[in-house]
Amino acid sequence: MIQRIQTIYLLLTFAVTILMTFVPLWTTADAKPYYFMQNQLYVVLLGLSAMLSIVSIISYKKRQNQFVMGRLNIILNLILLGLFVYHSLNVSGETPAVSEKGIGMFLPIVAIVLLVLANKAIKKDEDLVKSVDRLR
């Protein structure tokens with residue numbers, strides 16, 4: 001399980017998802033950091049993303065299911081990123097003083113890249129197994 005590269009990518013995705021809980025998404029105009037836990041929808045989506053990463057790691061024998069879970073996780077992170085951008089652009093009080101965007105807002109992009117790399121590795125493994133089955 002651990003010897004496969006997609007497991008490493010999925011573990012890194014889980015680590016990035018957990019890191020998102022400790023890093024502020026942005027700083028508001030009154031210099032208060034905004035964490036994702038201040039919005040319940042963010043908490044649910046981030047929890048689902050972390051859970052999908054772990055379940056995908058555990059289901060290493062079912063490559064097709066692992067691939068589908070990776071795609072679902074990519075879609076979930078895209079939705080999360082879209083919500084972050086939408087909320088940060090609609091924060092009240094943006095005109096008097098521009099708020100700073102934090103690194104937490106861009107962590108879903110890192111998770112998406114890692115999930116794409118994991119899906120490529122899963123697809124490569126699946127193609128290898130299919131080619132070996134053809135030779136038999």
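The values are calculated or read from the model by the stated rules, or taken from the named source; none is laboratory data. The structure presented is a predicted model; accordingly, all values stated were derived computationally and were not measured. We place every Cβ from the backbone using ideal geometry, glycine too, and count neighbours over all the protein chains shown. Note: areas computed on protein heavy atoms with side chains; ligands, DNA, RNA excluded. Shrake-Rupley method; radii C 1.70, N 1.55, O 1.52, S 1.80 Å.
Descriptive notes on the structure:
- Between 0 and 90°, nearest 10: helix 40-58 axis offset from the chain longest Cα axis: 20 degrees
- Accessible surface of the chain [probe 1.4 Å, protein heavy atoms]: carbon and sulfur percent: 69 percent
- Protein heavy-atom accessible surface, 1.4 Å probe, per residue over the chain: 59 Å².
- For the chain, the relative contact order works out to 38 percent when only alpha carbon pairs closer than 8 Å and six or more residues apart are counted.
- When Rg and Dmax are taken over the Cα atoms of region 19-70, they come to 15.3, 50 Å.
- Rel. contact order, % - alpha carbon contacts under 8 angstrom, at least six apart, region 1-75: 28 percent
- With 10 Å bins beginning at zero, the pair-distance distribution over Cα atoms of the chain amounts to 12, 39, 25, 14, 7, 2, 1, 0 %.
- Whole-Å distance, taken between Cα centres, linking region 109-136 and region 37-93: 21 Å
- Heavy-atom accessible area order for PHE106, PHE84, largest first, 1.4 Å probe: PHE106, PHE84
- Gain upon complete extension [ALA31, LYS124; 0.36 nm per residue less C-alpha separation]: 28.8 nm
- Selection among PRO33, ILE112, PHE67 by position relative to the dipole of the chain gives PHE67 as farthest towards the positive end (Cβ unit charges, Cα centre).
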